[in-house]
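The values are calculated or read from the model by the stated rules, or taken from the named source; none is laboratory data. Predicted, not measured: the structure shown is a model, and the values here were computed from it. Backbone-built Cβ (ideal geometry, glycine too); neighbour counts: all protein chains shown. The accessibility values were calculated without ligands, DNA or RNA, using every heavy atom of the protein model including side chains. Shrake-Rupley method; radii C 1.70, N 1.55, O 1.52, S 1.80 Å.
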Amino acid sequence: MRSIYTLPLALVLLIVSSCKESQETTEAKTLSKDKTTCTEMPYTNPIVGQRADPWVYKDSDGTYYFIATAPEYDRIEIRKANTINALGTAEPQVIWTKHETGKMGHHIWAPELHKIDGKWYVYFAAGEAENVWNIRMFALSTDAADPTQGDWVEEGQIATERDSFSLDATTFEHKGTRYLIWAQNVREGENTSLVMSAMENPTTLTGPEIIITDPEYDWERVGYKVNEGPAVLKRNGKIFVTYSASATDANYAVGLLWADEDADLMDEASWNKSETPVFTTNAEARRFGPGHNSFTKAEDDTTDVMIYHARVYEQIRGNSLYDFNRHTRARVLKWDEKGFPDFRQDQRD
């Protein structure tokens, strides 16, 4: 299905052109007022058109792998390239398609690619063909060296203590323990909170399951009462978790959690939360509804890069889930004097 408000990708690429290309356009003249340089804007945005919930994994050999929600919500595909910019022209390889009936039959959302102990895993959400909103978390795996060429095995559903709407699983390791964080309907009258558990192995939770954030602030409850799309970044003695909140339109925004690296991560009291969003719509920058990000390293293996989706316009006709112009973007992440991530809210990509 395509939105009646879908913009041609070529037009989007013109509107949000790269620094190099924009030197010959009116957009460049606008950017020059901010004294923006190509060095400060190393990425050609959008990186990939019409791909929401983007995840970029950089392997030890420098290869970048890209995975995201396909606009048809019917498959999982992976791209690979030697640079972040090159992901946009890389050929997508379909590794799995939805079932015709039963579980994993609809709403194939937010896949993430992880390499754990030398084996590749994809975590994703899916509904049932006959009950499309009965969404749960599932996993695939392959032993192949190249995840775009491997034979993928269905590992099945990731079982949680509560059998309820759940999605957006992400995993990380800290001090010898692997953890999973995901979004789930756990509070009556709300949509999703973020839940966390230790793991026995890459597809099995050990429990207990703790809630590390609920949609409690006004900016997290616009349209829907949502906390979702967690992404983990470890730096400066802290475990940072970004997440997204509110409806998937221009109100979508990124929040921030953090815990000390020496704290008990399974103690809810260890987690702190920003009362305000850290990355939001900026009309002047033609950035609307940014969110569901991931983190990777730049080509220098040192600079932190935020990969996220956003639209270039505010008004949406109909259900925002069926407006597919959420494009994948990349921006260099800075760090402030307190060791916290600076998302540079007022600056363009």
Go through 178-184, 305-311, 142-148, 110-116 and give me the packing order, highest mean Cβ count within 10 Å leading. 305-311, 178-184, 110-116, 142-148
Convert each backbone phi in segment 204-216 into a coupling constant with the Karplus relation 6.51 cos²θ - 1.76 cosθ + 1.60 (shift: θ = phi - 60°), then list the ³J(HN,Hα) values in order as whole Hz, x for Gly and Pro. 10, 8, 9, x, x, 9, 10, 9, 9, 6, 10, x, 9
Rounded, prolate or oblate: pick one for segment 203-349, where a ≥ b ≥ c are the square roots of the eigenvalues of its C-alpha gyration tensor, a/c under 1.5 means rounded, and failing that, prolate if a/b is larger than b/c, else oblate. oblate
When the charge dipole of segment 161-303 is computed with +1 at the Cβ of Lys and Arg and -1 at the Cβ of Asp and Glu, the Cα pointing farthest to the positive end, of 231, 280, 180, is that of 280
Isotropic mean projected area of the C-alpha convex hull, segment 302-349 (nm²): 4.5 nm²
Counting pairs of Cα atoms in the chain, how many percent are more than 35 Å apart? 17 percent
Dipole size in debye (nearest 20) for segment 193-337 around its Cα centre, Lys and Arg Cβ +1, Asp and Glu Cβ -1? 820 debye
When ligands, DNA and RNA are left out and all protein chains stay put, how many square angstrom of accessible area per residue does the chain have with a 1.4 Å probe? 43 Å²
If amide hydrogens are placed 1.01 Å from N in the peptide plane, which non-local residues have theirs closer than 5 Å to the one on residue 134? 128
Would you compute, for the Cα atoms of segment 128-219, the largest minus smallest coordinate along each principal axis and list the three values in descending order, in whole Å? 45, 41, 25
Among 312, 324, 347, whose Cα projects farthest towards the positive end of the dipole of segment 281-349, with charges put on the beta-carbon of Lys, Arg (+1) and Asp, Glu (-1)? 324
Which residue, 291, 207, 88, tops the fluctuation ranking in a GNM of the chain built on C-alpha contacts under 10 Å? 207
Which one of 122, 94, 226 has the biggest mean-square fluctuation once the chain is modelled by GNM with Cα springs under 10 Å? 94
Gyration tensor verdict on segment 269-325 (Cα atoms; rounded if a/c is under 1.5, prolate if a/b is larger than b/c, oblate otherwise): oblate
Of 145, 199, 129, which is farthest along the charge dipole of segment 115-199 in the positive direction, counting Lys and Arg as +1 and Asp and Glu as -1 at C-beta? 199
Long-range amide H partners of residue 291, meaning residues 5 or more apart or on another chain whose placed amide H is closer than 5 Å, are 309
Out of the GluC sites (Glu not before Pro) in segment 176-262, which ones are loop residues according to DSSP with at most 12 other C-beta atoms within 10 Å? 188
Net charge dipole size for the chain [Lys, Arg +1 and Asp, Glu -1 on Cβ; Debye, nearest 20]: 1080 debye
Distant-in-sequence amide H partners of residue 174 (H built 1.01 Å from N, under 5 Å): 179
